[in-house]
1. Tell me which residues, restricted to the stretch A:377-417, are in contact with a helix residue (DSSP H, G or I) (Cβ under 6 Å, 6 or more places away or on another chain) and farther than 28 Å from A:Gly353 by Cβ.
2. Quick one: what pairs do we get from the stretch A:97-108, first residue outside any helix (DSSP H, G or I), second of a type in the set (Ser, Thr, Tyr), C-beta under 7 Å, 6+ apart or different chains?
3. Any residue at all in the stretch A:198-215 that is more than 30 Å from A:Asp291 (Cβ to Cβ), within 11 Å of another protein chain (Cβ to nearest Cβ), modelled with pLDDT of 90 or more and part of a loop (DSSP other than H, G, I, E, B)?
4. So if I check each of A:Tyr194, A:Tyr187, which one is assigned to a helix (DSSP H, G or I) and either away from every other protein chain (no Cβ under 14 Å) or not hydroxyl-bearing (Ser, Thr, Tyr) (or both)?
5. Read through the list (1) over 22 Å from A:Leu121 (Cα atoms); (2) in contact with a Lys or Arg (Cβ under 7 Å, 6 or more places away or on another chain), then give the number of the only condition that A:Gly72 fails.
6. Considering only residues that are outside any helix (DSSP H, G or I) and more than 9 Å from chain B (Cβ to nearest Cβ), which ones fall in the stretch A:142-164?
7. Look through A:Val84, A:Val46, A:Val37 and report the one residue that is surrounded by fewer than 23 Cβ atoms within 10 Å (Cβ to Cβ) and at pLDDT 90 or above.
8. Pick from A:Thr247, A:Thr180: which is without any contact (Cβ under 8 Å) to a residue 60 or more places away in the chain, closer than 26 Å to A:Ser266 by Cα, away from chain B (no Cβ under 11 Å) and β-branched (Val, Ile, Thr)?
Amino acid sequence: MSIPLPLFIAIPLATAFLLPMFGRKGKTAATVLANLVTISLLVFAVASIGKTEVYEIGKWSIPLGINLVLDGLSSLLLLAISVVSAAAMLFSARYMEQYTAKAKYLSLFLLMVAGMNGVVLSGDIFNLFVFLEIASLASYALVGFGCEHEELEASFKYMVLGSIGSIFVLFAVALVYGNTGTLNMAYISEAIQYSGLNAGLDFALALFTVGFGLKAALVPFHAWLPDAHPSAPAPISAMLSGILIKTLGIYALARVVFNVFGVSISIGWLLIVLGLLSMVAGAFLAIGQWDLKRLMAYSSISQIGYVVLGIGLGATLIARGANLAWASLAILGGLFHLVNHAVYKSLLFLTSGSVEMSTGTRQMKQMGGLAEKLPITRTTCTVASASIVGIPPFSGFWSKLILVIAAVQAQFYWIAAIIVFVSLCTLIMYLKVQRYVFLGELPENLQQVKENKGSMLVAMVFLACLCVLMGLLVLVPDLKQAILEPAVKVLTDGLKYSADVKGM
Amino acid sequence: MPYSLCFLLFMLGLYCAVVKKNMVKIVVGIMVMEYAVNLFLIMLGFRFGGEAPIIGRSHVDSETGQIVASFLNSSVDPLPQALVLTAIVISLGSLALMISICIRTYEKYGTFDITQIRRLKG
């Protein structure tokens with residue numbers, strides 16, 4: 001069964017505008033409807049694995065019209081988006097009861113999902129910018145959803161930096177249009193292969209890197225993330241850290257660099273350096289934090305570094321003309337880490353939400369001994385921590401192992417050393433979380449704490465099971481070939497993208 | 001020359017957004033950047049003595065049924081204008097959200113000065 005691609009965007013978009021009409025009385029109905037939407041998107045994403053398809057909107061043939069492209073990379077990202085959003089939506093069914101205006105929250109949530117699906121599917125660079133803005137605007141509003149002092153401040157900071165990033169992207173789109181005369185990514189790629197890069201296109205590539213780098217919170221551009229992600233409600237933190245920065249930042253950057261402009265040694269090294277900086281700086285800053293969610297936000301910066309490092313390593317190896325198998329191993333590591341991080345970081349943020357809801361605080365110094373009071377939260381948090389640290393057989397271990405092997409194989413021994421070193425820093429971070437939140441003495445005022453019930457537990461257990469099972473994605477050859485290999489192939493094929501899209 | 005002036009406008013907006021301490025001025029700076037980019041897009045489609053790209057009866061050669069060359073050489077590219085319209089609508093949305101957050105922040109903190117709005121650190 002083939003699923004029409006516009007449904008991925010149309011269903012959440014239509015529901016998002018329908019939900020505010022439910023008002024206060026229809027809160028339960030709105031929640032059920034929103035959950036149905038995210039779960040049906042999950043089903044669609046699973047059904048679309050392994051398919052490649054081009055959809056021309058309104059039957060206008062490209063390059064006249066806008067097209068949606070589903071290829072290996074898109075379906076991998078679609079799957080990640082729908083898994084995280086289904087879990088976060090399930091979690092918010094109960095968690096968001098403490099806020100007013102739940103219907104508006106659900107509507108913004110679905111708007112963000114629609115924007116991200118659009119970014120992933122779009123084959124037109126201006127359309128990509130439009131969806132990027134839809135997702136970003138929804139996320140600005142969601143960060144400030146609580147409307148308290150900290151939330152408004154974080155939201156403003158995020159919005160200023162995010163808007164600057166978006167404007168850079170728009171400027172780059174304008175430059176690309178001026179130099180190539182088309183907005184379709186396949187045709188831009190063809191025009192660039194035909195005429196080569198000129199100064200204007202180089203500038204456009206630089207603007208794309210900064211713009212998407214701001215969205216992805218790579219280290220020189222990371223200032224907004226540690227404020228914005230902790231201030232949002234927990235399910236939204238899970239969405240932002242788990243998937244939004246990857247879709248708007250990493251995916252868009254990889255698509256533009258690999259498939260539209262073509263890789264070069266300089267851009268490959270730029271990505272490697274950005275990745276390493278993010279890894280090291282994020283890890284060091286995270287260790288010193290005492291706010292639970294802030295620690296996790298900094299660790300997101302560090303983990304995003306791994307993904308960018310893997311992709312940059314692949315780009316450098318392809319540009320050098322080295323063995324393609326080495327390059328694809330590095331990219332495989334990066335993309336696999338992206339999916340893994342989406343699952344375990346969203347799980348970590350959900351557990352932090354559960355802890356916050358039970359205890360009413362995020363400060364680790366005021367907690368302790370919660371292991372007995374919150375047994376399921378504790379177990380899922382430990383599974384996620386083990387994954388992020390990279391303890392076998394949990395998922396994080398395999399992606400880090402692949403990255404280390406790829407770095408050693410390409411004879412970048414120092415990069416492999418840094419990867420292992422940052423893993424150690426991550427271990428310290430999450431030992432600290434375990435020690436101060438779940439072990440130790442239970443403070444007086446937390447004696448009455450109770451475990452959360454219902455949908456919150458279901459969401460956390462679902463993600464924890466995924467954490468354990470994700471390793472199978474690389475260990476079982478069939479799964480690897482169905483899900484990860486096509487995504488890697490899209491990037492290693494590079495500029496063949498334009499021929500592929502036109503041929504479909 | 002017009003392009004460099006447009007770029008200057010962009011840089012002015014960026015300077016304003018980065019350096020100013022007042023929240024509203026930061027928003028103004030971002031909007032100046034946005035308009036500079038819109039202006040750039042419009043200039044891409046500009047043509048001296050251009051005409052609207054709408055094919056009327058007078059533009060079609062009555063004998064061959066082809067579009068006459070003078071029309072092809074003087075009609076302007078309509079796409080940048082469509083892009084600018086979209087971009088303006090998007091920037092309107094983000095402007096509305098930014099201003100409303102500014103107002104809510106003012107209600108909470110009683111000031112627009114970002115050096116005094118610093119609860120988040122570290």
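The values are calculated or read from the model by the stated rules, or taken from the named source; none is laboratory data. Owing to the predicted nature of the structure, the values given are computational and were not obtained by experimental measurement. Quick reminder, even Gly has a Cβ in these numbers, built from the backbone with ideal geometry, and neighbours come from all protein chains shown.
1. Residues satisfying the conditions are A:Ile402, A:Leu403, A:Val404, A:Ala406, A:Ala407, A:Val408, A:Gln409, A:Ala410, A:Ile415, A:Ala416.
2. A:Tyr99/A:Tyr105
3. There is no residue in the stretch A:198-215 that is more than 30 Å from A:Asp291 (Cβ to Cβ), within 11 Å of another protein chain (Cβ to nearest Cβ), modelled with pLDDT of 90 or more and part of a loop (DSSP other than H, G, I, E, B).
4. None of the others qualify; the one that does is A:Tyr194.
5. Of the numbered conditions (1) over 22 Å from A:Leu121 (Cα atoms); (2) in contact with a Lys or Arg (Cβ under 7 Å, 6 or more places away or on another chain), the odd one out for A:Gly72 is (1).
6. Within the stretch A:142-164, A:Phe145, A:Gly146 qualify.
7. A:Val46
8. A:Thr180
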